[in-house]
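Trainee: Let me begin by handing over the structure; questions about it come next.
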Amino acid sequence: MYKTDFPATYREMTEAEIKKLGRGRRALVPEARTALEAELANRGISLESLKPRKRKPRPKRTPEEKEEIRRQHRGRILWALGAFAAMILAMIFLEHYGELELFMPVVITWIVISATIGAHWRLRRYRWFWVLIGIVLIAHVAVTALMPPEWQPLFEKKSSVKGIAMLDLVAIYSLIWVLEKLLRINPKTGEPCRP
């Protein structure tokens, strides 16, 4: 069995490292704890000075804030249920028309559009955002409908599906970022920046 020379290891540590280890000494095995306490005594560091830092208490939320959080959670749950129902309906629709192989492109489109809207929800009040989402959706539908049969095997491999979805997301997010810069919109708040 591998044995660690705790005293030698602790002698090589810097003072900041030994203090950090000293704060969590309760999690150490007995031999390591004994060696650590000896090294702390050699360096003149008292155990009382290494008490864990107290965490700041979380601020109390008002009932209105709590209700707003609950409402947001309910909205997310309803959005997820709606997305799941839409996927089932898309699968039934595509199976009815014998185009079930188009299901993965439809799922990718739905996920990319949903993720884009969710990540950029602060831009919902701008018309250009919804026009961009509409253009992206139309482009996805056009590419899916006009997809040559040779591309079908691409959507059978999980790795290629992930790659396509990530490239799609990067392209859309980059386009939104460029538009935010051109229109001088604060990316954190969605408010116009003052010149």
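Trainee: So, residue 11, is that one assigned to a helix (DSSP H, G or I), in contact (Cβ under 8 Å) with a residue 24 or more places away in the chain and of a type in the set (Lys, Arg) or not?
Mentor: The answer is yes for residue 11.
Trainee: Can you tell me which residues in segment 2-44 are surrounded by 14 or more Cβ atoms within 10 Å (Cβ to Cβ) and among the acidic types (Asp, Glu)?
Mentor: 37, 39
Trainee: Further, regarding this structure: With the structure loaded, tell me whether residue 160 is more than 20 Å from the chain's Cα centre (by Cα), polar (S, T, N, Q) and within 28 Å of residue 92 (Cβ to Cβ) or whether it fails that test.
Mentor: Answer is yes for this residue.
Trainee: Take residue 102 and decide whether it is without any contact (Cβ under 8 Å) to a residue 40 or more places away in the chain, more than 22 Å from the chain's Cα centre (by Cα) and within 23 Å of residue 138 (Cβ to Cβ).
Mentor: Judged against the criteria, residue 102 is not a match.
No lab work stands behind these numbers, since they all come straight from the coordinates. Just so it is clear, the structure is predicted and the values come from calculations on it, not from any experiment. Counting neighbours? That spans all protein chains shown, and the Cβs are built from the backbone with ideal geometry, glycine included.
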